Amino acid sequence: MMNNFKYILFDLDGTITDSGEGITKAVQYALKHFGINVEDINELKKFVGPPLRDSYMKFYNFDEEKATEGIKVFREYYEEKGMFENSLYDGIVDVLKALKKSGKELIVATSKPEVHAKKILEHFNVDKYFTIIAGADFEETRVKKGDVIKYALDNFRNTLNDNEVLNLSQVIMIGDREHDIIGAKENNIKAIGVLYGYGDVVELTQARASYIVSKPEDLLEILL
């Protein structure tokens, strides 16, 4: 498969790290604050990936004010413990190494707050593979995936020399949920959906991912 992808954006949760345990436990903790007891944290896996506010409003009918409070309580648990109840996916480090070695520019674009994303990537010693680590802000002016991708690309453009241009046909986004695919389309770039994270083939197909892969090493067939 011939292509010319040079600039590769990675989602974080469900794509680089399996962050489900920490996120679901933090959501469980936050819901308990509102008197909602969810015993089985597997029920809360739908919270991994999309912006937290959207999930509170969609799954528990929170209004804006309640969702804001829910985010605050979530962060109490997440910043102390949940952030590191997390692991790298098998094979992902080899993928990052191979891509970097072949001269690709790697960028993280996540709806997770940027401060948290940087701490997690440093914790796992994979921050060194990325030119840009772009995430949401705490004020939530930038949390939708399309906005984060735009911000990541704008930041990357600032690293280029005056005579260099970022050709969008050479840019691709990798993620496990529909938000990654939709956000990529909003920025006129292609997207790879991964099935080892928290989305499934129906979700990624309906979002019209350009490619769908089952495991991290499959990414190299498309990208190298």
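Data for the structure
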quantity	calculated
Within the range 78-95, considering residues that are touching a Lys or Arg at 6+ places or on another chain (Cβ under 9 Å) and within 25 Å of GLU217 (Cβ to Cβ), the one surrounded by the fewest Cβ atoms within 10 Å (Cβ to Cβ)	ASP90
Exclusive hit being under 16 Å from ASP11 (Cα atoms) and assigned to a loop (DSSP other than H, G, I, E, B), set TYR151, TYR198	TYR198
Residue match in the range 125-144 (condition: without any contact (Cβ under 8 Å) to a residue 12 or more places away in the chain, on the phi > 0 side of the Ramachandran plot and in a loop (DSSP other than H, G, I, E, B))	yes
Count of residues meeting criterion [touching a residue at least 60 places away in the same chain (Cβ under 8 Å), of a type outside the set (D, E, K, R) and not in a loop (DSSP other than H, G, I, E, B)] in the range 97-124	11
Residue within the range 97-110 that is over 18 Å from LYS6 (Cα atoms) and either assigned by the TED database to the domain that holds THR141 or open to solvent by 20 Å² or more (accessible area, probe 1.4 Å) (or both) present	yes
Residue within the range 185-195 that is modelled with pLDDT of 95 or more, surrounded by 18 or more Cβ atoms within 10 Å (Cβ to Cβ), touching an Asp or Glu at 6+ places or on another chain (Cβ under 7 Å) and in a helix (DSSP H, G or I) present	no
Subset of the range 196-212 [free of Cβ contacts under 8 Å to residues at least 60 places away in the same chain, open to solvent by 10 Å² or more (accessible area, probe 1.4 Å) and on the phi < 0 side of the Ramachandran plot]	ASP200, VAL201, VAL202, GLU203, THR205, GLN206, ALA207, ALA209, SER210, TYR211, ILE212
Single match in ASP137, ASP154, ASP218, ASP200 (criterion: out of contact with any Cys (no Cβ under 7 Å at 6 or more places or on another chain) and closer than 16 Å to TYR89 by Cβ)	ASP218
Any hit, the range 163-178, residues being in contact with an Asp or Glu (Cβ under 8 Å, 6 or more places away or on another chain), free of Cβ contacts under 8 Å to residues at least 60 places away in the same chain and open to solvent by 40 Å² or more (accessible area, probe 1.4 Å)	yes
Which numbered condition GLY49 fails, given (1) farther than 23 Å from GLU178 by Cβ; (2) in contact (Cβ under 8 Å) with a residue 60 or more places away in the chain	(1)
Positions within the range 4-59 being open to solvent by 50 Å² or more (accessible area, probe 1.4 Å), part of a loop (DSSP other than H, G, I, E, B) and either at pLDDT below 95 or at positive phi (or both), in sequence order	ASN4, GLY35
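The values are calculated or read from the model by the stated rules, or taken from the named source; none is laboratory data. Since the model is a prediction, treat every value here as computed from it, not as a measurement. Cβ atoms come from the backbone with ideal geometry, glycine included; neighbour counts cover every protein chain shown. Ligands, DNA and RNA are stripped out before the accessible areas are found, and what is left, the full protein with its side chains, is counted by its heavy atoms. Shrake-Rupley method; radii C 1.70, N 1.55, O 1.52, S 1.80 Å.
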